[in-house]
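Here's the structure, in structure tokens; my notes come after.
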Amino acid sequence: MYCQKGLRGYLAARALHGRGFKNVANLRGGFLQAKLNGLPLEKTNAG
């Protein structure tokens with residue numbers, strides 16, 4: 001899961017894990033931190 005800064009992604013991942021999902025991960029620090037750390041990001045056109 002991910003969101004802009006990390007909190008909503010964390011809460012969503014925790015909720016999914018609490019409902020029995022086993023393979024759940026959260027991008028700590030969110031999308032902004034990933035971008036600042038230079039992680040490879042891919043932009044696609046959804047729709």
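Every read-out reported here was derived from the displayed coordinates using simple, explicitly stated rules and does not represent laboratory data. Since the structure is predicted, the reported quantities are computational estimates derived from the model, not experimental observations. Note that we place each Cβ from the backbone using ideal geometry, even for glycine, and neighbour counts take in every protein chain shown.
General remarks:
- Top positive-direction residue, dipole computed over the chain with Cβ charges, set Tyr10, Thr44, Leu27: Tyr10
- Cα long-axis angle, helix 7-18 against the chain (0 to 90 degrees, to the nearest 10): 30
- Across the chain, the mean sequence separation of Cα contacts (distance under 8 Å, 6 or more residues apart), normalised by length, yields a relative contact order of 41 percent.
- Per-residue HN-Hα couplings for region 26-34 [Karplus 6.51, -1.76, 1.60; θ = phi - 60°; Hz; x = Gly/Pro]: 10, 7, 4, x, x, 4, 4, 5, 4
- Directionally averaged projected area (the chain, Cα convex hull): 4.0 nm².
- Cut-off 12 Å between beta-carbons: net charge of the residues surrounding Leu27, Lys and Arg +1, Asp and Glu -1: +4
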